[in-house]
1. Kindly indicate the residue of the stretch 164-190 that is of a type in the set (S, T, N, Q) and assigned to a helix (DSSP H, G or I) and also nearest to V133 (Cα to Cα) among those meeting that condition.
2. I186 fails exactly one of the following numbered conditions: (1) surrounded by 22 or more Cβ atoms within 10 Å (Cβ to Cβ); (2) within 24 Å of E139 (Cα to Cα). What is the number of that condition?
3. From V187, V160, V177, V169, grab the single residue that is within 17 Å of the chain's Cα centre (by Cα) and farther than 22 Å from L112 by Cα.
4. Run S193 past the list (1) surrounded by 14 or more Cβ atoms within 10 Å (Cβ to Cβ); (2) in a helix (DSSP H, G or I) and report the number of the one that doesn't hold.
5. Limited to the stretch 157-206, what total is found for residues that are in contact (Cβ under 8 Å) with a residue 40 or more places away in the chain and on the phi > 0 side of the Ramachandran plot?
6. Collect the residues in the stretch 110-150 that are more than 14 Å from the chain's Cα centre (by Cα) and assigned to a helix (DSSP H, G or I), keeping them in residue-number order.
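Just so it is clear, none of the values below were taken in a lab; they were calculated from the coordinates. Predicted model only: the values in this text are computed from it and were never measured. As a convention, Cβ positions derive from the backbone with ideal geometry for all residues, glycine included, and neighbour counts pool all protein chains shown.
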Amino acid sequence: MFGKIKPLYIYLVAIFLGIVGLFIFNKIHNKTSAEMNAPPIDVNGQAVPNDAIHKGLVNPVAQKPNKNNVMPSIMQHMETLKKAVIDHPRDTLKLREYADFLAEAQMNDKALNYYQKILRINPRRTDVMTSMVYIYFAEKNFKEAERYLNKILFVNRNDVNALYNLGAVSANEGNRVKAKQLWTKIVKEFPNSPLAKEARASLSQL
């Protein structure tokens, strides 16, 4: 979902019986045997991602990635990415790669800092703003998530993904009227969009 950006952060922050997990991450998490064998939960109550970074953790439940609990190769890669952005501070490709790495490592504040650097170079990067929305939503910072979704829509008012996710944020904030308006807009104006089906399903559960 989210256009060019794949869903890197699969953190279920649910309301309305888990509906919003579907809205933001375009997935339905039902209680299945897979869920019963889900990844461990970290100190913030979030599922630890099953990626290269977190596989290197000695104790992923208690710790976040650092030089003491991550495989040396991972730390070396992180340092390589960091050096690249220091050497090329306006290279948005390198900035983006490092920011995404930090986000996957749950270093959210640092990731947001580098995403902001990209936006200062090119304030119309909706893909970057979308990644920031993932982080803010995972942190339940719906105000900032909404702010960046509105920025995306300012750049492209027909961004169906942003419309859909703004509806999710609105639902989280208890504004079902706004959520209904946004999802209805998708169904009526973008009936052939991949998200039209999800919008219909979301409307049926409001």
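1. N165
2. That leaves (2) as the condition not met.
3. Criteria check complete, one pass: V160.
4. (2)
5. Number of matching residues: 0.
6. Hits for the stretch 110-150 are K110, N113, Y114, Q116, K117, I118, L119, R120, I121, K143, R147, N150.
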